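Notes to accompany the following structure.
The values are calculated or read from the model by the stated rules, or taken from the named source; none is laboratory data. Please read all numbers here as calculations on a predicted model, not as lab measurements. Reconstructed Cβ throughout: ideal geometry from the backbone, glycine too, with neighbour counts over all protein chains shown. Just the protein is used for accessible areas: all its heavy atoms, side chains included, with ligands, DNA and RNA removed. Shrake-Rupley method; radii C 1.70, N 1.55, O 1.52, S 1.80 Å.
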Amino acid sequence: MQKNKIIGSLIGLAVGDALGAAYEFKRPPYNINENYITGGVHNVSIGEWTDDTSMALCLAQSLIDKNGFDTKDQMDKYLSWYEDGYFSTRSECFDIGNTVARALASYKNTDEPFSGIAGDNNSGNGSLMRLSPIALYYYQDKEALIKYAAQSSQITHKSELAVDVCIYYAQLIAGAVKGYSKEELLSNEFIDTKDMRKEVINVMKGSYKEDKVYKPTGYVIDTLETALMAFYRFDSFEDGLLHVISLGYDTDTVGAVYGQLAGAFYGHNGIPKKWTNALIKYNLLYSTAEELYNNSSVQKVNFNDEMHKKIHILVGDITTINSDVIVNAANYRLLGGGGVDGAIHRTGGSKILDECKFLRKTRYPDGLFTGPAVATTAGNLKAKYLIHTVGPKYRFDSNHVELLESCYKNSLMLADDYKCESIAFPSIATGIYAYPKDEAAKIAYTVINKLLVNTRYIKDVVFVFYSQEDANIFKKSNHIK
Ligand code: APR
């Protein structure tokens with residue numbers, strides 16, 4: 001799920017940029033074509049994107065190359081685009097904004113990456129248009145997300161308005177990647193507006209819902225308001241983007257801004273094939289987004305608190321967790337399946353299946369019963385071991401409470417026997433085996449809390465949920481804040 005959304009956001013940015021590019025600076029009303037067209041101020045080709053996407057690719061590549069946020073490397077890549085056409089669709093850079101050009105010229109002279117120009121009159125959308133990679137890389141770490149959304153703007157756009165819009169919009173994109181609904185994303189409570197400029201709060205509180213004439217200029221507040229209006233009013237990636245492009249003015253950038261949020265919300269699968277198939281350098285964009293996903297989604301849980309044993313609750317794909325042990329919600333055959341089982345075998349690779357087949361030939365000729373736990377290699381996963389356990393089928397196993405308790409108990413103690421210090425659990429039995437999530441939550445949390453005091457090596461237990469909603473059910477069921 002997250003991967004589809006992460007790829008959707010970067011591709012959505014490029015599609016919005018490319019579709020809008022031929023209409024840049026036009027004044028409405030005018031007819032628009034539902035497919036890419038050539039022409040415009042930069043005489044673009046079919047599916048050709050501009051500076052918005054070039055800078056987003058520079059930012060994405062920097063995050064990947066540097067394993068995180070590096071202002072100097074970002075500015076070096078932006079300068080390489082400006083001077084040598086790095087990540088441009090052409091051999092040279094084209095369609096660069098004034099504020100970016102001035103910041104890059106200043107950086108070239110001073111070697112100071114924070115070369116953004118401050119002041120409300122420098123509040124262009126040039127840092128917002130490339131923002132997506134920050135949200136995609138840090139969507140699981142709110143503190144880092146806010147910090148680097150701000151800094152990614154300040155290196156070229158120090159204006160408080162540009163910075164605050166980036167802080168706001170990065171959290172919207174991250175929330176969309178995590179699967180929040182549109183109502184949740186657009187609710188007044190979704191973002192902490194403390195210290196934000198009133199112009200940004202005014203949009204956030206709903207100015208984009210007003211029935212008025214929208215004028216999507218390069219001013220960052222206009223861009224934000226128009227992109228949110230289209231995201232709010234329409235129910236598909238396509239309809240929202242076509243509406244944005246029909247409004248004229250800074251059509252490529254407002255398209256790119258809308259596309260990065262809508263692409264994260266509707267996912268790559270929600271972007272019409274007629275646009276992705278004709279997008280220039282689509283494979284480059286797709287593979288860059290995939291690398292962002294692979295690098296960003298490793299949830300670096302801080303397993304370094306020597307003193308205290310801790311229980312963590314995370315939202316994401318369990319195959320990306322950097323714990324010593326990952327627990328698989330298997331079935332008795334031990335030969336793979338759907339859900340978590342499928343994800344683990346897909347990502348972990350064939351070594352896991354080979355060991356499972358050996359277990360079936362030796363210790364478990366009739367399969368693994370419900371409740372016990374058995375360890376194998378974790379294959380390509382970041383963990384040291386995989387522990388397989390088979391959850392109870394809620395409607396079939398009458399003693400499902402004891403069986404589910406055994407799954408958690410046996411997995412935890414086996415991990416401890418293997419001298420592991422951290423273990424990640426999925427929500428066992430609550431998918432295909434239909435165990436009610438709230439009932440399972442209480443059982444899992446009670447068993448782990450009771451046993452964790454007795455473990456010799458295990459210090460960290462991570463409960464991993466595939467959606468924020470499931471994590472909220474777990475917390476609510478166990479009265480966790
Ligand atoms: N990471 C984290 N959680 C996930 C993932 C993932 N990659 N994929 C699914 N989940 C969640 C589901 O949303 C559900 O809440 O894990 C929970 C358990 O779902 P299942 O995988 O369906 O496991 P279970 O209910 O125990 O049923 C086991 O399903 O996967 C097959 O082969 C398995 O037949 C067995 C059955």
## Note on the structure
Note: among Asp52, Asp95, just one is in contact (Cβ under 8 Å) with a residue 60 or more places away in the chain, assigned to a loop (DSSP other than H, G, I, E, B), out of contact with any Gly (no Cβ under 6 Å at 6 or more places or on another chain) and charged (D, E, K, R), namely Asp95
### Query
If you check Lys481, Lys442, which single one turns out to be free of Cβ contacts under 8 Å to residues at least 24 places away in the same chain, within 30 Å of Ser181 (Cβ to Cβ) and basic (Lys, Arg)?
Lys481
### Summary
Lys476 meets each of (1) surrounded by 15 or more Cβ atoms within 10 Å (Cβ to Cβ); (2) more than 12 Å from the ligand (Cβ to nearest atom) with one exception, condition (1)
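To keep it simple, each residue is scored yes or no on (1) within 29 Å of His308 (Cα to Cα); (2) open to solvent by 70 Å² or more (accessible area, probe 1.4 Å); (3) within 12 Å of the ligand (Cβ to nearest atom).
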{"site": "Lys409", "(1), (2), (3)": "yes, yes, no"}
{"site": "Leu412", "(1), (2), (3)": "yes, no, no"}
{"site": "Ala415", "(1), (2), (3)": "yes, no, no"}
{"site": "Cys420", "(1), (2), (3)": "yes, no, no"}
{"site": "Ala424", "(1), (2), (3)": "yes, no, yes"}
{"site": "Gly431", "(1), (2), (3)": "no, no, yes"}
{"site": "Ala434", "(1), (2), (3)": "no, no, yes"}
{"site": "Lys437", "(1), (2), (3)": "yes, yes, yes"}
{"site": "Ala441", "(1), (2), (3)": "yes, no, yes"}
### Message
Considering only residues that are in a helix (DSSP H, G or I), open to solvent by less than 30 Å² (accessible area, probe 1.4 Å) and not aromatic (Phe, Trp, Tyr), which ones fall in the stretch 98-113?
### Response
Thr99, Val100, Ala101, Ala103, Leu104
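Table: residues versus (1) touching a residue at least 12 places away in the same chain (Cβ under 8 Å); (2) in contact with a Phe, Trp or Tyr (Cβ under 8 Å, 6 or more places away or on another chain).
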site: Leu285; (1), (2): yes, no
site: His312; (1), (2): yes, yes
site: Val327; (1), (2): yes, yes
site: Gly342; (1), (2): no, no
site: Glu355; (1), (2): yes, no
site: Leu359; (1), (2): yes, no
site: Arg363; (1), (2): no, no
site: Phe369; (1), (2): yes, yes
### Task
Find all pairs meeting these conditions: Cβ atoms under 7 angstrom apart; at least six residues apart or on different chains; first residue within the stretch 188-208 and more than 16 Å from Cys166 (Cβ to Cβ); second residue in a helix (DSSP H, G or I) and hydroxyl-bearing (Ser, Thr, Tyr).
Tyr208/Tyr232
#### Entry: Matching entry among Ser106, Ser91, Ser115 (being among the polar types (S, T, N, Q) and within 21 Å of Ala14 (Cα to Cα))
Ser91
#### Entry: the stretch 327-352 - residue that is within 22 Å of the chain's Cα centre (by Cα) and aliphatic (A, V, I, L, M) and, of those, farthest from the ligand (Cβ to nearest atom)
Ile344
